[in-house]
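The values are calculated or read from the model by the stated rules, or taken from the named source; none is laboratory data. Computed from a predicted model, the values in this text were never measured in an experiment. Neighbour counts run over all protein chains shown; Cβ positions are idealised from the backbone, glycine included.
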Amino acid sequence: MLGFISAGSPADPDPFRRRQHLPIPAPFRRFGMFVFQVDGDSMTLKGGGGIRAEDFVLVDARDVLTDRGQVYAFRLSDGSMVVKRLALWQGRPAMFSDNAAYPPVHLDRSVRNLGRVYAFSADGRHWTPTKYRSWD
């Protein structure tokens, strides 16, 4: 695990600090992947599912081709990191939370996509693939 990523307010401008080792099962290993621990509840679903505070997320640094409805790790202009879904809002790309209490935020040129979040885990041992969310 490299560090922490926010699912709420941006946090930790220096997230790339090795924290601990996690056993990643072979089907979830990818070249160029990295792991963050989530801080915040903006990606938690109404019933308590989804990506929750203290979950771990696997990020594929080679998968930066943005696709609406997928979950990504983003680095903001101040260096802080967030995990959000990508979608259009008012005709422009924006970061969306799965928790309706958090409003969407437009992307600008200073925001960098670090890769797609393709799995998450509460314990660092049992991984669940992230799900695509359609935006109708």
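Out of Arg62, Arg125, Arg116, I need the residue that is of a type in the set (D, E, K, R) and within 11 Å of the chain's Cα centre (by Cα). Which one?
Arg116
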Options Ala100, Ala61, Ala73, Ala122; residue that is surrounded by fewer than 17 Cβ atoms within 10 Å (Cβ to Cβ), small (Gly, Ala, Ser) and under 14 Å from Val38 (Cα atoms): Ala122
Filter segment 39-70 for residues that are aliphatic (A, V, I, L, M) and in contact (Cβ under 8 Å) with a residue 60 or more places away in the chain; the one that is nearest to Ala101 (Cα to Cα) is Ile51
Members of segment 88-97 found to be in contact (Cβ under 8 Å) with a residue 40 or more places away in the chain and surrounded by 17 or more Cβ atoms within 10 Å (Cβ to Cβ), listed by number: Ser97
Matching option when the condition is without any contact (Cβ under 8 Å) to a residue 60 or more places away in the chain and of a type in the set (A, V, I, L, M, F, W, C), among Phe28, Phe36: Phe36
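Restricting attention to segment 64-85, report how many residues are assigned to a loop (DSSP other than H, G, I, E, B) and within 13 Å of Ala119 (Cα to Cα). If you could, list the steps in order and put the result at the bottom.
Initial filter on segment 64-85 (assigned to a loop (DSSP other than H, G, I, E, B)): 64-70, 76-80.
Then keep just the ones that are within 13 Å of Ala119 (Cα to Cα); that gives 70.
Counting residues in segment 64-85 that are assigned to a loop (DSSP other than H, G, I, E, B) and within 13 Å of Ala119 (Cα to Cα) gives 1.
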Of the numbered conditions (1) part of a loop (DSSP other than H, G, I, E, B); (2) at pLDDT 90 or above; (3) more than 14 Å from the chain's Cα centre (by Cα), Pro93 fails exactly one; give the number of that condition. (1)
